[in-house]
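This report concerns only the one structure given below.
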Amino acid sequence: MELLVAMMSGAIGGAVLRGRMPLMLATGLGIAAGAAAWYLLVLAGPGPQAGPILIVHAIAGAALGAAAMAGTGLARRRLGG
């Protein structure tokens, strides 16, 4: 459940900051970033048996999804794309 929440929040975070990037690509990158946020929280936290901490996973997924879009946009601007 936490994985799903983190991925959906990452998709929203990516879609909000997508700029001129196509929505499908921004959503896909956001979902991948949300899954990465979930994985990092499982590694750093008490583990998947810790119980439903959905708010933490939602915030981390959205933040990492938005960060992925911000980083991608910055790279595209720096590379002239």
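Every number here is computed from the coordinates shown, using simple stated rules; none is lab data. From a predicted model like this one, the values you see are computed outputs, not experimental measurements.
The figures follow:
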{"read-out": "Shape of the chain, Cα gyration tensor, a/c cut at 1.5", "value": "prolate"}
{"read-out": "Gain in span if fully extended, L23 to A44, counting 0.36 nm per residue against the direct Cα distance", "value": "4.5 nm"}
{"read-out": "Relative contact order, percent, the chain [alpha-carbon distance under 8 Å, six or more residues apart]", "value": "45"}
{"read-out": "Contour excess over end-to-end distance, with Cα ends at A70 and V16 and 0.36 nm allotted per residue", "value": "18.4 nm"}
